[in-house]
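Here the structure comes first, spelled out in structure tokens, and everything after it is commentary.
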């Protein structure tokens, strides 16, 4: 496919990625981990784009973290095989998809937090003649998955007795605190979470099992988890493209993705209507931000329309002009789109398919 | 592809469609319009699925309404050619896509609400040697697109003078009121909107132009707009699959779509965690509803997790069991998924691709 010359030649709405900011963010994270024993295993759920995973691996990432089997399938197809699915994989259909990846030589690890799941995994994996690495998920505060450190010991013991399974370590995600804008609170609560995670590691080791991987952390806490004694891997993902929420934390990463949109109507003053709505940009963490037009802001999205309210001096925008927005939540915004346009300034460098987008499984 | 036997053989999370409820909804709408001069032109944005559009056309729909060029392209490829894109199509790239559809013999009509857009359409369409039908969009209350009836006359005049364009009629969408649960208010405000729309028709006709199509309405107001003197087409879409919001209006359509999901964790009481999150189900109109488990309700979604809070007697759900949810907003939920599983009771009848899903343009 012939690439458009500049961003003005791209149809809208579209996602634009500033290549220098993206690679700058990846380099900043890589530099942080260069002299640490822990390494980053970037989360694929944010960008779902093989080209970004490759840049992260090239910069020294240990492997890739995924949220589901569909994402792992895309990565394995692209030849990226050291994967942690940081989630419980439940049900025969999905476990058989996992087995197909193992048979292709992928080193896919999964999280577990129940006896039922361990038994089902062991049954299907051992019958298929393959081995699966599992991490016990410890609940470190987020009201979601994971067990207590004490219960973690029981699960570790069960894993060690289960044919086809190898205990590879533990994980715990401090998602309840990773976005807190109160730096002191965020760091304190993160340390509490990691203390709980390391307690699980110690209890499991005292019980006679080896805990290789200790995985936790996100973009808002990577510098705490990544230096916390005993943690071996950090699951941060958003740092590569960033969004308005994480930008508020002052982490030093740059917002590398914008949504480009065309003004399609100015008929109903004081509104200016553009062609990017909630089927293009997510709003569960607030409205995306209109860039570069003081006195005007995005106040509402329809499915296919952005409603900009003009409150100050009207911006000099006419029908057909293009505007850009910063996303409020990068992960769910990328998931709504088909591709990323990679730019050097206004020049189009490349077009990357968001290969794992929109997969529900 | 071999179909799964029953819904228990489908991977989760997945969208299930009850075929009898779907066809019942389509028949109910068709029966309403059977003796009316107005007809329904169902909105494709809700289901984005060619098979559903075909069922609607077979039941007597006049054609299909779309929200964007990408949806029209999917329909034209499937041989469905009488289309209204109920939106302004702005910018050379998108207009050239429109021209390609016209050259394939598709009868695609679009909405306009500005001189700039009319001039750009006329310029590109006439140079391509095709003709495009346009509808003037009248603002009937929604703070979005559309002009006043008086301004509508000016635009109609400009269209009649513009090479390549044919004035086909007018449209006005009462989206500000279509979801109101106050029936009296909804009906009164809808009549006000339609009065404004018909005033535009009269003014344009008095100015000497022919107004063929008069299009408005949605699922919450179809019985008002569809019987309002002068309205010729109704754009309702959600009635075919329905959702929790529209169900509150007591319209007599049945909720035909559910999201099926697997319990993946019960480790962190009182929560039960399932594998359907906000990358599977939308939440801008509220939480989806857990079906058939009193005392438990969905209270939060992560990207890939549903957080069910158990408040009463714990439901007898174990890890691996499946549950179903009703969507709060059908249009944005369907947009997140790849396919619909069509069921007769528990039996799988068919698998339909959501062919126009997730297209941002």
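So what is the orientation-averaged projected area of region A:1-137, using the convex hull of its C-alpha atoms, in nm²? Before the final figure, lay out the partial values.
Working: hull surface 42.7 nm².
So the Cα hull casts an average projection of 10.7 nm².
Each label was represented as a point 7 Å from its Cα along the Cα-to-Cβ direction; for residue B:126 and residue B:347 these points are 6.0 nm apart. Each copy carries a label point for residue B:320 at 7 Å from Cα toward Cβ; from one copy, the others' points are 6.4 nm away, ordered from shortest. Measuring from centroid to centroid over Cα atoms, what is the spacing of region B:181-198 and region A:4-49 in Å? Taking the Cα centre of region A:4-49 as reference, the centre of region B:181-198 is 49 Å away.
Starting from the label point of residue B:270 at 7 Å along Cα→Cβ, the same points in the other copies fall at 4.6 nm, in ascending order. Peptide B:316-323 is shielded by partner chain Cβ atoms: per residue, an average of 3 of them sit within 10 Å of its Cβ. One residue of chain A places its C-beta nearer than any other to the axis carrying A onto B; that residue and its whole-Å distance are A:358, 2. Find how many whole Å separate the alpha carbon centroid of region B:213-277 from the alpha carbon centroid of region A:134-156. The distance from the Cα centre of region A:134-156 to that of region B:213-277 comes to 38 Å.
May I have the convex hull volume per residue, in Å³, for the Cα set of region B:229-292? Could the numbers behind the result be given before it?
Details: hull volume 8.6 nm³, N = 64.
Hull volume normalised by residue count: 134 Å³.
Counting other beta carbons within 10 Å of each Cβ, put A:222, A:8 in order, fewest first. Walk me through the numbers before you get to the answer.
On the way: A:222 23, A:8 12.
The fewest-first ordering by Cβ neighbours comes to A:8, A:222.
Across the identical copies, the 7 Å label point of residue B:27, projected outward along Cα→Cβ, sits 6.6 nm from its counterparts, in ascending order. Per residue, the convex hull spanned by the Cα atoms of the protein assembly as shown measures out at 155 cubic angstrom. If you wrap the Cα atoms of region A:257-299 in a convex hull and average its projected area over all directions, you get 3.5 nm². Based on DSSP H segments of at least four residues, each scored -39500 (n - 2.57), chain B has a per-residue ellipticity at 222 nm of -9000 deg cm²/dmol.
Under Stokes-Einstein, with the Kirkwood radius over Cα pairs as Rh, the value for region A:257-353 at 37 °C and 0.692 mPa s is 238 µm²/s. Volume per residue of the convex hull around the Cα atoms, evaluated for region B:297-361, comes out as 136 Å³. Each listed q (0.09, 0.11, 0.13 Å⁻¹) maps to a log10 I(q)/I(0) for region A:81-236, found by the Debye formula over equal Cα scatterers with no solvent: -0.28, -0.41, -0.56. Computed with the Debye formula from one identical point scatterer per Cα of chain A, without solvent, the log10 of I(q)/I(0) at q = 0.10, 0.14 Å⁻¹ comes to -0.65, -1.12.
Once you reduce region B:295-361 and region A:288-319 to the center of their Cα atoms, the two points are 34 Å from each other.
Rounded to the nearest 0.05, what FRET efficiency do residue B:54 and residue A:309 give with R0 = 60 Å and r taken as the Cβ-Cβ distance? Could you check? In this case the efficiency is close to 0.90.
No lab work stands behind these numbers, since they all come straight from the coordinates. Computed from a prediction, not measured in an experiment: that's the story for all the values here. Cβ sites come from the backbone with ideal geometry, for glycine too, and all protein chains shown count toward neighbours.
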